[in-house]
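Asker: Here's a structure for you.
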């Protein structure tokens, strides 16, 4: 019995020493580093996925006025922005946006738009560039299939460069937008929306 115990102890000791001397078995990370890595992965990956979902479908609520009647609307807008590098990130100067306005009335057709926007930043309000305010002017084409027309608009907004600075999210813009829309056939309507838009800014 004692021999068996002795053999087992020696065997375990030799195995432990072999593992300790094995140059191919290298512990690259400590336990705390592994925990931190998995924690960051568990937080950052869902945030990145959520950011992409929000960017492809950022909600804005508002109303459309057609022929003197107001209808509720849900607007989704995203696009591509082109700007310059600032202290904390990239701010758009120009944006090419696509938007979809879902109108809460089955008798009124939904509206699709492609617009070019020019942003004007109020740099002097927040010199740290944490939250930057400004306004934009826009012009583009719209359709509700089969009617086509043009759209012009303006809006005031507040945006932060921190999210695109970290490389996970596009630039999100929070504000109010007004659009004047006119069909080539001659009739026109107005739309006001408040909420979130986005642009993948470079």
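Asker: Determine, from the Cβ-Cβ distance of residue 66 and residue 133 and an R0 of 30 Å, the FRET efficiency 1/(1 + (r/R0)^6), rounded to the nearest 0.05.
Answerer: With R0 = 30 Å, the Cβ-Cβ based efficiency is 0.45.
Asker: Compute the distance in nm between two label points, each set 7 Å from the Cα along the Cα-to-Cβ direction, one at residue 188 and one at residue 38.
Answerer: So the label points at residue 188 and residue 38 sit 6.2 nm apart.
Asker: In addition: Using a simple spin-label model with points 7 Å from Cα along the Cα→Cβ vector, what separation in nm is obtained for residue 105 and residue 84?
Answerer: Taking the simple label geometry, residue 105 and residue 84 are separated by 4.5 nm.
Asker: Relative to the present Cα-Cα distance, how much length would full extension add between residue 156 and residue 118 at 0.36 nm per residue of separation? Provide the component values of the computation, followed by the final result.
Answerer: On the way: separation 38, 0.36 × 38 = 13.68 nm, distance 1.18 nm.
Length difference between fully extended and current span is 12.5 nm.
No value in this document is a laboratory result; all are computed from the given coordinates. Model, not experiment: these values are computed from the prediction. Methodologically, a virtual Cβ is constructed for each residue, glycine included, from the backbone with ideal geometry; neighbour enumeration extends over all protein chains shown.
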